[in-house]
Amino acid sequence: MKIGIIGAGPAGLSAAYELVKRGQDVVVFEQDPQFVGGISRTVEHHGYRFDLGGHRFFSKSREVENFWEDILGDDLIVRRRISRIFFDGKFYDYPLKPLNAFRNMGARNTALCLLDYIRAKSSDPKDIRTFEDWVVFHFGRQLYEMFFKAYTEKVWGRPCNEISADWAAQRIKGLNLYSAIKDSFGLSGRSKRKTRNGAVVKSLIDEFRYPKFGPGMLWEKVASHVTSQGGQIIMGTKVTHILHQDGKIRSIQTTGVTKESQTHIFDAVISTMPMRSLVRSLYPEVPHTIKEAAEKLHYRDFLIVALVVDAASLFPDNWIYIHDPQVKVGRIQNFGNWSSHMLPPRSRTSCVGMEYFCFEGDGLWSSTDTDLLNLAKNELSYLGLIGHHPIIDSKVVRVPKAYPVYDDDYQTHIQSIVDYLRDRASNLQLIGRNGMHRYNNQDHAIMTGFLAARNLLGEHHDLWAVNGDAEYLEEVNDDRHVPKFLKQA
Ligand SMILES: Cc1cc2nc3c(=O)[nH]c(=O)nc-3n(C[C@H](O)[C@H](O)[C@H](O)COP(=O)(O)OP(=O)(O)OC[C@H]3O[C@@H](n4cnc5c(N)ncnc54)[C@H](O)[C@@H]3O)c2cc1C
């Protein structure tokens with residue numbers, strides 16, 4: 001079989017890796033002229049390395065962990081997680097520590113939080129529809145206002161009562177106030193922090209793994225493995241049209257650096273390109289209802305301003321969440337604390353990543369790099385994180401479609417598109433984050449890539465049954481975490 005893969009991010013490269021291992025003929029098209037790894041790439045600037053948002057390596061899937069270990073060996077280092085929340089002029093340890101939280105909040109606010117929590121617990125869970133409902137029910141309104149509202153609204157650019165409860169259920173499930181408090185007193189040892197099926201509760205973990213030169217290192221290694229086994233990765237080549245006929249994809253068209261269009265014929269295609277762009281590229285054009293469904297899929301975009309500061313040690317955290325609504329920055333990374341190899345050898349400087357969530361084309365996104373640099377500098381000083389140390393270098397990177405948005409109707413739209421493609425493009429598989437419009441980490445992208453490859457080799461996996469923890473749930477008799485619409489698919 002000749003297999004075409006759209007995108008050399010984690011999902012596309014994992015599929016290619018699995019296919020070349022089994023002797024298949026694979027061509028990967030990547031629109032970026034230089035980098036593999038998609039959103040999980042590592043940018044290098046004058047000897048400094050940084051991620052597009054720090055990328056922790058953590059998975060409940062043993063298979064994914066084994067894959068990382070096989071590729072990276074000793075280059076996969078273990079890091080202690082240090083992170084805090086900046087709220088109301090104070091730094092709160094995160095995960096929350098009762099003594100630190102009590103000291104910051106004072107007795108009155110602490111009592112209010114507890115009362116509120118008890119009140120919320122007695123409300124009716126049937127009414128949970130939005131992110132706000134979900135968090136208030138699980139933690140109480142006071143804690144919601146302090147630790148969830150402002151940050152979540154920065155991330156999504158919309159009020160929490162317009163964000164689907166699915167997102168909270170997926171991202172913070174398994175975490176509750178009681179276990180958080182118990183954990184922070186050290187009463188719940190590592191083994192007790194496991195869920196029923198033996199998995200670690202993700203929001204509480206205090207260690208993670210990380211490639212010593214950043215996540216891009218993993219994907220560069222996987223890419224060289226793919227090419228050394230005979231696979232092709234064609235960089236700077238964008239898939240523009242996907243031609244289908246008689247229920248199958250017949251060919252795809254690409255445009256490369258020369259701008260000349262080329263046609264490629266494949267027996268099967270695996271796509272990681274955003275679902276909305278995929279539908280736009282189908283030819284003959286899809287019916288109006290499907291087009292409309294795709295156009296209603298939305299994305300949140302992201303940009304990072306990396307600042308090199310002339311100071312060896314600024315703060316101990318890997319990252320800090322900035323809940324303060326006075327500043328636009330949402331999160332601040334300290335890349336040298338992820339790995340000293342992210343800095344030039346023997347450097348006495350720091351590299352700080354200021355993360356801004358935005359929409360492509362809005363005021364932040366369209367600001368000049370100089371304006372963004374000034375904004376980042378001013379906000380860093382306001383937060384008191386760099387003292388008088390000078391900033392000696394900077395780099396801005398914009399990341400379109402960083403987050404697929406879960407709004408009220410997204411499931412219905414995906415369902416229509418998936419149903420349509422099942423009949424019109426039976427040799428096409430959608431995988432990965434934007435490919436499936438699922439807000440997930442690398443491990444999910446990897447697992448869907450592996451399973452799509454195996455489907456082409458005669459296995460039968462339902463890729464929609466891979467959950468946010470990269471667990472393939474079809475064989476496990478427990479589908480509670482599979483979104484409703486996927487169960488019907
Ligand atoms: C701020 C932030 C922080 C994150 N933190 C973590 C973390 O801590 N841990 C973790 O595991 N994950 C994290 N993630 C998630 C992780 O980045 C993604 O899950 C992962 O990169 C998804 O892989 P993918 O291959 O599905 O998609 P992508 O990474 O988006 O890759 C898709 C690739 O396809 C290419 N492409 C798209 N369209 C076309 C086309 N038409 N033609 C050719 N090529 C095309 C793109 O250029 C891209 O290279 C984070 C994400 C963000 C935004």
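The values are calculated or read from the model by the stated rules, or taken from the named source; none is laboratory data. Since the model is a prediction, treat every value here as computed from it, not as a measurement. Heads up, the Cβs are rebuilt from the backbone with ideal geometry, glycines too, and the neighbour counts pull from every protein chain shown. Each accessible area value is taken on the protein alone, full model and side chains, heavy atoms only, with ligands, DNA and RNA left out. Shrake-Rupley method; radii C 1.70, N 1.55, O 1.52, S 1.80 Å.
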What fraction of the Cα pairs in segment 359-402, stated in percent, has a spacing above 11 angstrom? 70 percent
If packing is taken as the average count of other Cβ atoms within 10 Å, what order do 211-219, 462-470 fall into, highest mean first? 211-219, 462-470
Of 437, 461, which has the most accessible area and how do the rest follow, probe 1.4 Å? 461, 437
Using the crude model of +1 on Lys and Arg Cβ and -1 on Asp and Glu Cβ, and no other charge, please compute the dipole size for segment 96-173 relative to its Cα centre, in debye to 20. 320 debye
Reduced to Cα centres, the span from segment 215-246 to segment 285-306 in Å works out to 23 Å
Give me the accessible area of residue 296, 1.4 Å probe, in Å² rounded to the nearest 10. 90 Å²
Modelled FRET efficiency - R0 45 Å, residue 227 with residue 310, Cβ distances, 0.05 increments: 0.65
Across the Cα atoms of segment 96-173, what radius of gyration and what greatest pairwise Cα-Cα distance (Dmax) are found, in Å? 12.9, 35
Mind computing the radius of gyration and Dmax over the alpha-carbon atoms of the chain? Å is fine for both. 22.7, 69
Given 4 °C and 1.567 mPa s, compute D for segment 298-448 with the Stokes-Einstein relation, Rh being the Kirkwood radius over Cα pairs; round to the nearest whole µm²/s. 73 µm²/s
Using +1 at the C-beta of Lys and Arg and -1 at the C-beta of Asp and Glu, which of 157, 106, 122 has the Cα lying farthest in the positive direction of the dipole of segment 96-173? 106
Contour excess over end-to-end distance, with Cα ends at residue 340 and residue 32 and 0.36 nm allotted per residue: 108.1 nm
Among 144, 425, 266, whose Cα sits farthest toward the positive end of the charge dipole of the chain (+1 at Cβ of Lys/Arg, -1 at Cβ of Asp/Glu, about the Cα centre)? 144
Helix 410-424: angle to the longest alpha-carbon principal axis of the chain, degrees 0 to 90, nearest 10? 20 degrees
Accessible solvent surface per residue of the chain, calculated while the other protein chains remain in place, 1.4 angstrom probe, Å²: 44 Å²
Of 304, 319, 257, which is farthest on the positive side of the dipole of segment 223-336, counting Cα position, with +1 on Lys and Arg Cβ, -1 on Asp and Glu Cβ, and the Cα centre as origin? 257
With +1 on each Lys and Arg Cβ and -1 on each Asp and Glu Cβ, and nothing else charged, work out how big the dipole of the chain is about its Cα centre, in Debye to the nearest 20. 1080 debye
Pairs from 60/154; 2/248; 126/154; 238/401; 296/328 whose Cα-Cα separation, in the structure shown, is over 19 Å: 60/154; 126/154; 296/328
Within the accessible area of the chain, what % is carbon and sulfur when the probe is 1.4 Å and the other protein chains stay in place? 49 percent
By average C-beta atoms within 10 angstrom, highest first, the peptides 89-97, 3-11: 3-11, 89-97
Please list, ordered by chain and number, the residues whose modelled amide H lies under 5 Å from the amide H of residue 248; skip anything fewer than 5 residues away on the same chain. 426
Extended-chain gain in nm, criterion 0.36 nm per residue less alpha-carbon gap, residue 419 and residue 80: 117.6 nm
Which order do peptides 319-327, 444-452, 107-115, 128-136 fall in by mean Cβ count within 10 Å, highest first? 444-452, 128-136, 319-327, 107-115
Scalar couplings 3J(HN,Hα) for segment 382-389 by Karplus 6.51 cos²θ - 1.76 cosθ + 1.60 (θ = phi - 60°), nearest whole Hz, x for Gly and Pro, are 3, 7, x, 9, 10, x, 9, 5
For segment 328-334, what does the Karplus curve 6.51 cos²θ - 1.76 cosθ + 1.60, with θ = phi - 60°, yield as ³J(HN,Hα) per residue in whole Hz, taken in order and with x for Gly and Pro? 7, 4, x, 8, 10, 9, 10
Could you sort 356, 117 by accessible area so the largest value comes first, with the probe set to 1.4 Å? 117, 356
Would you mind checking the tilt of helix 442-456 against the longest principal axis of the Cα atoms of the chain, expressed as 0 to 90 degrees and rounded to 10? 20 degrees
Rounded FRET efficiency, nearest 0.05, which uses the C-beta distance separating residue 158 from residue 368 and R0 of 22 Å: 0.25
